[in-house]
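Remarks on the structure that follows.
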Amino acid sequence: MRIFSIAILLIVVINISAQELYPYTEPASNMPAKSISLKVAGMFGRGVHGGGLEQRYSPEVMFGLTKKWMVHGAVTFSNMYGNSLYYESARLYGKYRFFSRDEVHKHFRMAAFVTGAYSRNHLQHNELNLMGDHSGVQAGIIATQLWNKLAISATISETEVFDRKRGAETSPQQYAFQALNYSLSAGYLVLPVVYKDYDQTNLNVYAELLGGRNLDWKYEKYFLDLATSIQFIFKSTSKLNLGYRFELNSDIYRNMKRSWMISYEYIFLNALKRKKTN
């Protein structure tokens with residue numbers, strides 16, 4: 001049994017190091033192959049319009065198809081565009097890791113991803129995203145470098161929003177429909193100092209710069225946020241994230257300028273592995 005436990009630990013550590021499990025962004029590494037992960041996240045903050053508490057919940061399922069391919073599916077519920085919680089959006093995300101250079105205690109990886117989303121909401125502001133606010137597509141590249149206990153990751157992508165207002169003949173134009181999004185994330189493994197077995201709890205700390213710049217709109221062009229978070233990983237199969245995101249600079253009139261986040265995720269290793277038949 002102890003050998004089996006150590007094997008589980010090694011599978012998780014080799015496939016994706018703990019300090020790469022960024023709460024707000026995706027790394028170039030993938031979750032373990034043949035695994036399924038379930039996640040639920042909540043975001044909370046004061047709205048700039050009425051000052052009331054705005055909240056968004058997102059249950060998500062993730063599939064590690066192979067060591068290079070993974071797929072996410074998620075839906076969101078929120079009260080950000082209404083007086084009560086309602087079903088808001090659905091999202092599908094796919095990632096392909098196309099480059100990996102692995103060495104002892106360090107690696108460099110690159111991946112490409114694409115996201116498609118449908119949202120019941122319509123354009124009301126120029127902070128473009130597919131996390132519940134808008135319908136559209138997004139494609140980008142991720143690069144992640146691990147050195148011992150420190151992992152640095154950068155992402156750049158383009159988002160294109162689909163909305164009925166896009167085809168409307170309005171003068172002057174009110175909304176942007178294309179944006180360049182970017183992020184720079186750092187994660188550091190604080191505990192354990194030395195791995196002994198998979199029962200040890202991991203403690204990671206993160207800092208992530210999250211930004212966007214609209215490409216087709218001369219007003220309300222950009223935003224830049226900082227997100228800080230802590231993460232606990234239990235028995236190498238579940239993790240709890242606590243984060244705080246706030247605006248550093250922006251000229252966009254946004255729903256929220258600061259928010260809290262909490263999420264919990266559990267992974268089922270080898271859940272997609274076929275059972276051998278006699």
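Values computed for the structure shown
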{"read-out": "For the chain: relative contact order, % (alpha-carbon pairs under 8 angstrom, 6 or more apart)", "value": "19 percent"}
{"read-out": "Using alpha-carbon coordinates, inclination of helix 2-15 to the longest axis of the chain, degrees", "value": "40 degrees"}
{"read-out": "The chain: calculated mean residue ellipticity at 222 nm from DSSP helix runs of at least 4, using -39500 (n - 2.57)", "value": "-1500 deg cm²/dmol"}
{"read-out": "Selection from 192, 42, 135, by position along the positive dipole direction of the chain (Cβ)", "value": "192"}
{"read-out": "Rh by Kirkwood over Cα pairs, then Stokes-Einstein D for the chain at 1.567 mPa s and 4 °C, µm²/s", "value": "66 µm²/s"}
{"read-out": "Most mobile of 149, 34, 165 in a GNM of the chain (Cα contacts under 10 Å)", "value": "165"}
{"read-out": "Global geometry of the stretch 56-152, whether rounded, prolate or oblate, following the gyration tensor of its Cα atoms and the 1.5 cut on a/c", "value": "prolate"}
{"read-out": "FRET E, pair residue 194, residue 148, Förster distance 22 Å, beta-carbon r, rounded to 0.05", "value": "0.95"}
{"read-out": "Nitroxide proxy distance, nm - points 7 Å out along Cα→Cβ at residue 232 and residue 186", "value": "2.6 nm"}
{"read-out": "The stretch 232-278, dipole about Cα centre (Lys/Arg Cβ +1, Asp/Glu Cβ -1), debye to the nearest 20", "value": "460 debye"}
{"read-out": "Viscosity 0.692 mPa s, 37 °C: Kirkwood-radius Stokes-Einstein D of the stretch 142-271 over Cα pairs, µm²/s", "value": "188 µm²/s"}
{"read-out": "Simple Cβ-charge dipole of the chain, Lys/Arg +1 and Asp/Glu -1, about Cα centre, in debye nearest 20", "value": "1000 debye"}
{"read-out": "Antiparallel %, DSSP beta bridges [both residues in the chain], to 5", "value": "100 percent"}
{"read-out": "For the stretch 80-210, size of Cβ-based charge dipole, Lys and Arg +1, Asp and Glu -1, in debye", "value": "240 debye"}
{"read-out": "Gaussian network model of the chain, Cα within-10 Å springs - most flexible of 68, 218, 239", "value": "218"}
{"read-out": "FRET efficiency, 1/(1 + (r/R0)^6) with R0 30 Å, evaluated for residue 156 and residue 105 via beta carbons", "value": "0.65"}
{"read-out": "For residue 161, net neighbour charge (Lys/Arg +1, Asp/Glu -1) across residues whose Cβ lies under 12 Å away", "value": "-3"}
{"read-out": "Relative contact order computed over the stretch 138-220 (Cα-Cα under 8 Å; 6+ residues apart), in percent", "value": "28 percent"}
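Rule-based calculations on the coordinates, nothing more; no lab input. Just so it is clear, the model here is predicted, and its values are computed rather than measured. Positions of Cβ are generated from backbone atoms using ideal geometry, with glycine treated the same way; all protein chains shown enter the neighbour counts.
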